Amino acid sequence: MGIQNRFRPKLLLLLFVVMAALVVVLRLSGPALVSSERVKDQIEAKVSAWTGAQLSFSGTPTFTFWPHPQMRFEHARLTDPAPVAGDGLLFTAQTVSVSFSLLGSLFGAPSLGEMELVRPVFHIRRDEHGKFNWRRGDGMRTALKESSAGEQETAAPLPEFGEVAMRDGAIVVEDRRRGEQYRISDVEGSIDWSAVSSKLDVALQGVINSEVARLKLTAGQPMQLLKGQNSAVRVTLDSDPLRVDFDGTANLSANAYAAGQVKLSTPSFGHLLAWQGTRFSPVGKLGEVSLEGQLSTNGATARVDGLMLQVQESQATGALDVSLPPQGTPRIGGTIAFDKIDLRSMIDAYSPLPGGDDDSLPAPVAALAAIDLDLRLSAREALFEPVVLEELAAGIRSVDGDTSLDIADATLLGGNVSGHISVIGDERGSSGGELQVSLQNADLGALVGLSGLSGPLPVGRGSADISLFTDRAVSELQRGDISGTFRFNLDQGTISSFDAETFEKQMAENAVFNAGKAANGSFDFSDGLIEGRIERGLAELTKATFDGRDKRLSLSGVIPYHSRNVALAGSLADRFQSEDAIVSPTINFLIGGSWPDPVISPVSVLTEIPAD
C-alpha cells in the first residue's frame, strides 16, 4: 500500500509530461501534417457549390490545435464573377476559422466542421427588376433539379457546413426596387444547417437604427423552400419597439406566400415609427398596439383574418388587408369592430403633418401621403370629444394625404346622427378640413350644455344640421379658424333663465337693465328655429324664433364667441290667437355686453320714443 502511494504522483507527473509533449508536437507539426491548401480548396468548393461565387483569402493561414484542430484564414472576400450590376461584392470578413478532423486531414480528406466568421459584412442587393445579387451555384441547382425530378436517392448531396457562427458582423441591404437602403450592425449569432435533409436554425441579433433586434428562424424543410415548395416555418423578431411571432407555412417560389398564425405587438406606436425613421407625432399618441390573427400573403399583399386588435385600451375584431407594392403607395383596408374608439385621435393620427422642417424625414414619409387607408369601422362606443357616439357605423379613407371619416349611422344624445369629416392634405401637410353633421330627434339642450355656456339658452329635442370648414391645418386649428352654417329645429323646448313676464315689466320701465333681472323663470316654446353662419370666430344669428303659448321671441345679430360678447336685436310679440284678440304692442330691444349677463336696452330708450 505504501509502494502504490509512493509511485502514484510519479505516474501522474509522467502522464502530464507525455500529454504536454504531445500537444507541443502536434502544435509544431500541425502545419506540416495538415495542408492548408486542401482546407482552403474544400471551403472554396463548398461556397462555390452553394453561391456560384468566387472566394479568396489573403495572408498566411494559421493552424491551432487546442482546444480542437482549426484553420484560420485572413481577409476573406466573396465576389460574383458575372455581376448584373456593380462590383459583384457579396461578402467580406476579417477572419474565417474552420474546424476539421485531424485524422481525415492526415489521409488527405479533411472533414470540415464548424465555421466562425469574425467581422463579416454581407452585401444584399435587389435591382429594379426584383433580382437579388445572391444566386444559386451549380451544385445547388443540380441538386434541386434532381430532387424535384424525384431522384432524391441518386442526387449528389450538397456540401454541408454544419454550424456557422458570426461575431461583430454587419448586413448592408440595398433595395433599388423600393428605393431603400439600411445597415444592420453588431450582428452576432449562428446559422445551423448540419445536413441538407435536416432543419435550419437561425439565431441572430443585431442593431438596427440604434435598437437591438433578435431574430430566431426555424425551417423544418429548408430544401423545400429553396425548391419553391412549402415548408413549416417559425419566425420570432424581438426588440424593444416591436415583437413579431409567426408560426405557419412559407413558400419562396416566384409566387411566394406565407400562411399561419401571426402576433405583433409594440409598447409604443410612436417609438416603432421613430425606429423605422418616421417622424409622425400625431400617430404616436396611439401608444400600445397589439395584433393577432391568421395571416395569409400573396406577393405584395397580406390579409389577416380572425383579427384581434388592441389599441391602448380599445379592443377590436375583424379582418385587415395590407398591400405593399414595390413602386406604389402602401394600402391598408378591412373591416374592424371596436368596443370603444377615440375618433378625434384617429383623425389626428391619419391627418398629414403641418408644414415644417422635414429634412430629417426619409422620403416619402413626411406625412400620411405615404399610406392609403380604406377601413370600415363599427364601435359600441366612439368618443369625439366632447361627445360620445354609440353603435357607430362608419368608414375612414385616406388617399394621397386627403382623409375622410363618413359616419353612416350612430346614436348621439338620444337621437340619430350621420356626418362627414374630411381633412385635405398637400405636399406641406394638412391645408384644411370640413365637417358636416346631421342630427335627428336628439337632445339639443345637452349639445348646448356641452359648450360650457350658461345663461338664457334654449334646450329641447329636435334636429340639427351643421356644416363647418377651415383652411388651416387641423393640428393648428383654433376657434377663430372655422367658418360654416348651422340650423337647429327644436320641439317642445325651454329657454332657461328667462322670465317673459318679468322681462315685460322691466321693458315697461323704459330703462336699461341687466338680463339677470329677468332670469328667475323660463320660457316654454312649442317650436324653435335657429339659423345662422360662422365666419372667422364670429357667429351670426340670421334668424332665431321661439313660439311660446302666448308670445313669440325673435332674435338676430352677431356673437363673437371667442370673447363671449353679444350684439343682438330682438322682439317679443303676441301670437295671434283669434281675430278679436287684444294684441299687445311688440317689444323691441337690443342685447349687448358680456354673456351670460348682458345689458338689455329697450329700443324706445335709444330713439327717445315713448314705449307705448
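The values are calculated or read from the model by the stated rules, or taken from the named source; none is laboratory data. Predicted model, so just to flag it, every value in this text is computed and none were measured. With ideal geometry, Cβ positions are generated from the backbone for all residues, glycine too; neighbour counts draw on all protein chains shown. The protein model used for the area step is the full one, side chains on, heavy atoms only, and it has no ligands, DNA or RNA in it. Shrake-Rupley method; radii C 1.70, N 1.55, O 1.52, S 1.80 Å.
Collect residues whose amide H, placed 1.01 Å from N in the peptide plane, falls under 5 Å from the amide H of residue 373; neighbours closer than 5 in sequence don't count.
The answer is 332, 398, 399.
State the percent of C-alpha pairs, over all pairs in region 173-249, separated by a distance greater than 17 angstrom.
56
How much length is gained if the chain between residue 180 and residue 234 is pulled fully straight, taking 0.36 nm per residue apart and subtracting their Cα-Cα distance, in nm to one decimal? Could you put the intermediate results ahead of the total?
Details: separation 54, 0.36 × 54 = 19.44 nm, distance 2.63 nm.
Fully extending the segment from residue 180 to residue 234 adds 16.8 nm.
Between residue 441 and residue 247, what length in nm is gained on full extension when 0.36 nm per residue of separation is reduced by their alpha carbon distance?
Values: separation 194, 0.36 × 194 = 69.84 nm, distance 5.14 nm.
This chain segment gains 64.7 nm when fully extended.
Might you report the magnitude of the Cβ-based charge dipole of region 200-313 about its Cα centre, with Lys and Arg at +1 and Asp and Glu at -1, to the nearest 20 debye?
With Lys and Arg at +1 and Asp and Glu at -1, about 280 debye.
State whether region 468-559 is rounded, prolate or oblate according to the following rule on the C-alpha gyration tensor (a ≥ b ≥ c being the square roots of its eigenvalues): a/c under 1.5 gives rounded; otherwise a/b larger than b/c gives prolate, and the remaining case gives oblate.
Values: a/c = 2.91, a/b = 1.93, b/c = 1.51.
Here region 468-559 falls in the prolate category.
Each label point is 7 Å from the Cα along the Cα-to-Cβ direction; what then is the distance between the points at residue 434 and residue 569, in nm?
Modelled inter-label distance: 3.3 nm.
Between residue 498 and residues 5 or more places away or on another chain, which pairs have amide H atoms under 5 Å apart, with H built 1.01 Å from N, and which residues are they?
Residues meeting the criterion, in which the H sits 1.01 Å from N, are 521, 522, 523.
Net charge near residue 170: determine it from the other residues with C-beta under 14 Å of the C-beta of residue 170, scoring Lys and Arg +1 and Asp and Glu -1.
Spelling it out: positives minus negatives among the neighbours equals -1.
Set the Förster distance to 60 Å, then compute FRET efficiency between residue 383 and residue 168 from the Cβ-Cβ distance, nearest 0.05. Numbers along the way, then the final one.
Details: r = 50 Å, r/R0 = 0.84.
That gives a FRET efficiency of 0.75.
Stretch residue 216-residue 411 to full length: gain in nm at 0.36 nm per residue minus the Cα-Cα span?
65.4 nm
R0 = 35 Å: FRET efficiency of residue 400 with residue 542, Cβ-based, nearest 0.05?
0.40
Given a 1.4 Å probe and the protein chains all in place, what does the accessible area of residue 173 round to, in Å² to the nearest 10?
20
Give me the distance in nm between label points sitting 7 Å out from Cα along the Cα-to-Cβ direction at residue 60 and residue 492, one decimal.
Here the answer is 10.6 nm between the modelled labels.
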